[in-house]
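See structure below.
What follows draws every value from the coordinates through simple rules; no lab data is involved. As the structure is a prediction and not an experimental result, all values here were calculated from the model. When we count neighbours, we look across all protein chains shown, and the Cβ atoms used for this are built from the backbone with ideal geometry, even at glycine.
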Amino acid sequence: MLVHCLYASRSAQPLTSGLLDSILEQSSKNNPKVGITGLLCLTNDVFVQIIEGGRDEVNELFMAISRDSRHRDIRLLAFEEIAQRRFGNWTMGQVDIDNINRALILKHSEKAELNPFGCSGRATMALLDDLVATGSISSRSK
């Protein structure tokens with residue numbers, strides 16, 4: 001059974017390219033082994049991530065993320081069964097929200113800034129779908 005898990009968190013330390021590289025490297029190394037795919041969005045100190053795969057594997061990964069000292073203020077936005085993957089081509093696609101058209105964010109939220117803590121999981125998922133549709137994915141770890 002396939003599921004996806006959408007969550008938001010804040011970085012527990014300043015978000016540097018080294019920290020981001022570490023997260024993406026870990027995803028690229030570990031996710032294919034367990035059939036996990038997904039997308040990571042970030043800005044300033046906010047992460048929004050969707051992970052998809054088998055129910056047990058996604059649940060175990062989310063629990064590991066929730067214990068990861070690099071994250072704080074973790075919020076589960078959605079955990080649902082899905083008929084098919086949306087991000088099957090990537091072990092972890094990446095979007096830097098700071099480099100996209102702010103109108104795209106404003107379409108789904110009150111302000112033109114990424115704030116998954118202040119909007120619904122459905123609105124956040126719609127934003128991710130729009131980011132994919134507009135080709136806003138800046139890195140595709142395979």
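Net charge within 13 Å of LEU2 by Cβ-Cβ distance, Lys/Arg positive one each and Asp/Glu negative one each, not counting LEU2 itself?
On the way: positive: ARG55, ARG85, ARG86; negative: GLU52, ASP56, GLU57, GLU80, GLU81.
Net charge around LEU2: -2.
For the chain, just the Cα set please: Rg and Dmax, both in angstrom.
13.8, 39
At a 10 Å Cβ-Cβ cut-off, how would you order ILE105, ILE51, fewest neighbours first?
The order, fewest Cβ neighbours first, is ILE105, ILE51.
Report the full-extension gain for the segment LYS33 to ILE82: residue separation times 0.36 nm, less the Cα-Cα distance, to one decimal in nm. Numbers along the way, then the final one.
Details: separation 49, 0.36 × 49 = 17.64 nm, distance 2.03 nm.
Between LYS33 and ILE82, full extension yields an extra 15.6 nm.
At R0 = 41 Å, how high is the FRET efficiency between ASN101 and SER69 if r is their beta carbon distance? Nearest 0.05 is fine.
0.75
What is the magnitude of the charge dipole of the chain about its Cα centre, with +1 placed on the Cβ of each Lys and Arg, -1 on the Cβ of each Asp and Glu, and no other charges, expressed in debye to the nearest 20? Walk me through the numbers before you get to the answer.
On the way: 16 positive and 17 negative charges, 15 e Å.
Using only the charged Cβ atoms, the result is roughly 80 debye.
What full-extension length gain, to one decimal in nm, is calculated for ALA12 and ASN115 as 0.36 nm per residue of separation minus the Cα-Cα distance? Write down the numbers at each step before the final one.
Values: separation 103, 0.36 × 103 = 37.08 nm, distance 1.66 nm.
Computed gain between ALA12 and ASN115 is 35.4 nm.
Among the aspartates and glutamates, select those whose C-alpha is under 14 Å from the C-alpha of LYS33, and discard any that sit fewer than 8 residues away in the same chain.
Those aspartates and glutamates meeting the cut-off are GLU25, GLU52, ASP56, GLU57, GLU60.
What Kirkwood hydrodynamic radius, in Å, does region 13-94 give when the mean of 1/r is taken over all pairs of distinct Cα atoms and then inverted?
On the way: mean 1/r = 0.0755 Å⁻¹.
Answer for region 13-94: a Kirkwood hydrodynamic radius of 13.3 Å.
Amide H neighbours of LEU77 under 5 Å, at least 5 residues apart or on other chains, H built in the peptide plane: list them.
LEU6, TYR7, ALA8
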